[in-house]
Amino acid sequence: MNNPLVTPELGLIIWSTLVFCILFFLLAKYAWKPILKAVKEREASIENALNAAEQAKNEMKQLSASNEALLNQARAERDEMLKEARITKDKMITEAKLAANTEAERIIASAREAIQNEKLAAITELKNQVATLSIEIAEKILKQELSTAEKQKSLIDSAVAEINLN
Amino acid sequence: MTGTLAAIGAGLAVIGAGLGIGKIGSSAMDAIARQPEATSKIQTAMIIAAALVEGVALFGVVVGLMGL
Amino acid sequence: MLKNYFVKTLVFTVFSLISFTSLKAENHDTLTTKHDENHETSENSEYDPIPVIMHHIADAHDWHFFDYNGHAFSMPLPIILWTDNGLVTFMSSEFHHDNSGEHIVERKDMRFIKFNEKIYSLKIGAPAGFSYDTTTPVLDLSITKNVFSMLMSVVIILFVFFKTAGHYTKNGAVAPKGIASFMEPLILFVRDDIAKVNIGEKKYMKFMPYLLTIFFFIWFNNLLGLIPWIGGANVTGNIAVTLVLAIFTMIITNINGNKEYWGHIFWMPGAPVPVKIMLIPIELVGVLIKPFALMVRLFANITAGHIVVLSLLSLVFIFKNASLGAVSVPFALFISVLELLVAFLQAYVFTMLSALFIGTAVAEHEHH
């Protein structure tokens, strides 16, 4: 160990310890702290900005998506309304038609019924009159036929001849 | 005499370190060629390994200096 | 741009003034002072690069720029000694560049000599010159070349990062500009690639100040050491400095070690009892070995870089042929550029391994 190169000198050890300690504390307090803080802050702000941009992008996307959805919904509603209107219209028409038909049918039926009734009444009266006339005619004929005894006798004879006793 | 012996010893230490660092360097090159995306990690590991090998060689050199 | 230029000019001027005022004080002494090194080279004797290189990478009590005509151009640094008689201070120029222990400086009834950049106090009645019997070592708290360089790097680091921090405190959490735009990626690199990876998302924030400080302290000192003349001090290539840094990492690691960390050291889970007992000393040694390796790695890497550059440049003087500079200077330049990479890499490795050790100490495993 006689080579001065590899023999540490006490004086230099003391000086370097002192100098390094002073340097360390000065730099740590007045250089590294603000520098590291600034760098970190900047990194954070850059990251924040990036995040905000990303968020804005997402929001934009979401907004346009919701717009689209709203539009679609409106369109669908309109279609729905139109369809409903059409259905209502059709229904009304068919209902009206149906009502008209039934009314017509009912009128026709009642007319037919009335006609039938009138007819029946007329027929019945006709029958009655015919019957009365017939009876009157029969009365006159009978009065005429049976006016003499001979005529009464021949009638009885013919009637008797007709009776078949087997 | 001791000076000469020390010089020979330092030389021997340097041969060993040279071989060792050469091997480390060649392996690192291979590794980088195989995986270029891991270059920085390989470099760090290479420098650590080289520093350790070199440290051993430097012990030799320092012992040589002590004998000078 | 203009402001930066102004600051640079100002720094340079102040520096030049310091050095030249000191040069004036020295010049009249240097003529009468002996210079071992100069004599060696000027007498055309065999040039030995080892002392020169060792001189460059070792610590020194004055800041030596160059020699010219036997004059040493250097900046004296204060010498502070803690002795039995209390604190003693004087400038290193009092030794008149003597490094052989011959020149005596008397203060507070004590006689000091400098030998191989170490200061000794001569015992009473002892003659000048170094010997283990006649001298006693003193606690040397001098502002040496390394300490001065370290203080300079601290000033630069504080300037750079106070300015960076000022940008944020003034403008809020905005995008970086100017010096902040250069430093912020490095701070983020330490945070994301070193702290977060090795310590984990939850706890890394607590250790960020330490990791950042150690990273930039090592890196700036490494770079400063690569600049000739105004830097050139081998701060991070000095084992005392790396020892301190490694001890800091060791202390922080072990203070923050959780139950599981100590459990793995003293009672390795999942191992049979004899193995557990056997592992205790091994693990305890590991606690010391890890920072020791950190210390040695940084010291040896940086010192080795300096030695290689200086050796290459020494070739010119060894062969006494200036044309050799055509070869050695490009080589030295190449190594210097490589050292720029190493300067960063070693700061990175030291910080990353510190983070790794801290990470293992605070890690919470979900399993078992």
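The values are calculated or read from the model by the stated rules, or taken from the named source; none is laboratory data. Quick caveat: nothing in here was measured; it's all calculated off a predicted structure. Note that we place each Cβ from the backbone using ideal geometry, even for glycine, and neighbour counts take in every protein chain shown. Just so you know, the surface numbers come from the protein's heavy atoms only, side chains and all, with ligands and any DNA or RNA stripped out. Shrake-Rupley method; radii C 1.70, N 1.55, O 1.52, S 1.80 Å.
Whether a residue is open to solvent by 50 Å² or more (accessible area, probe 1.4 Å) and closer than 16 Å to C:ILE214 by Cα was assessed, and A:LEU18 passes this test. Within region C:171-185, if we keep just the residues that are within 11 Å of another protein chain (Cβ to nearest Cβ) and either outside any loop (DSSP other than H, G, I, E, B) or touching a residue at least 60 places away in the same chain (Cβ under 8 Å) (or both), the residue that is surrounded by the fewest Cβ atoms within 10 Å (Cβ to Cβ) turns out to be C:PRO185. Considering the conditions (1) open to solvent by 60 Å² or more (accessible area, probe 1.4 Å); (2) more than 18 Å from B:GLU54 (Cβ to Cβ), C:GLU283 is excluded by exactly one of them, (1).
Selection of first residues in region B:17-44 that are more than 22 Å from C:LEU353 (Cα to Cα) and modelled with pLDDT under 90 and of second residues that are assigned to a helix (DSSP H, G or I) and acidic (Asp, Glu), restricted to Cβ pairs under 8 Å at least 6 apart or on distinct chains, gives an empty result. Set side by side, the residues A:ALA38, A:ALA28 differ, and just one is facing chain C (nearest Cβ under 9 Å) and either outside any helix (DSSP H, G or I) or over 30 Å from C:THR236 (Cα atoms) (or both), which is A:ALA38. A residue that is within 15 Å of the chain's Cα centre (by Cα), in a helix (DSSP H, G or I) and either on the phi < 0 side of the Ramachandran plot or more than 8 Å from chain A (Cβ to nearest Cβ) (or both) occurs somewhere in region C:225-234. Inspect all residues belonging to region A:139-146 and state whether any of them is at pLDDT below 85 and in a loop (DSSP other than H, G, I, E, B). Yes, that holds for at least one residue.
In region C:187-215, which residues are away from chain A (no Cβ under 11 Å) and aliphatic (A, V, I, L, M)? C:ILE194, C:VAL197, C:ILE199, listed by residue number. Against the definition (crowded, with 24+ Cβ neighbours inside 10 Å and in contact (Cβ under 8 Å) with a residue 12 or more places away in the chain), how does C:ILE218 come out, yes or no? Yes, satisfied.
Residue-level check: of (1) open to solvent by less than 70 Å² (accessible area, probe 1.4 Å); (2) within 13 Å of another protein chain (Cβ to nearest Cβ); (3) modelled with pLDDT of 80 or more, C:GLU117 misses just (3). If you filter region C:239-274 down to residues that are closer than 20 Å to A:PRO8 by Cβ and open to solvent by 60 Å² or more (accessible area, probe 1.4 Å), you find that the one that is farthest from the other protein chains (Cβ to nearest Cβ) is C:ILE251.
Exactly one residue among C:ALA322, C:ALA293, C:ALA300 is in contact with a helix residue (DSSP H, G or I) (Cβ under 8 Å, 6 or more places away or on another chain), crowded, with 19+ Cβ neighbours inside 10 Å and over 26 Å from C:MET268 (Cβ atoms), and that residue is C:ALA300. Cβ-Cβ distances below 7 Å connect the following pairs, each with a first residue in region C:147-159 that is at the interface with another protein chain (Cβ under 7 Å from one of its Cβ atoms), a second residue that is hydroxyl-bearing (Ser, Thr, Tyr), and a separation of six or more residues or different chains: C:MET150/A:SER16.
Being among the polar types (S, T, N, Q), surrounded by 21 or more Cβ atoms within 10 Å (Cβ to Cβ) and more than 11 Å from every other protein chain (Cβ to nearest Cβ) is a description that applies to C:THR135. Each residue in region A:1-25 was checked for being closer than 30 Å to C:GLY172 by Cβ and within 7 Å of chain C (Cβ to nearest Cβ), and 2 pass.
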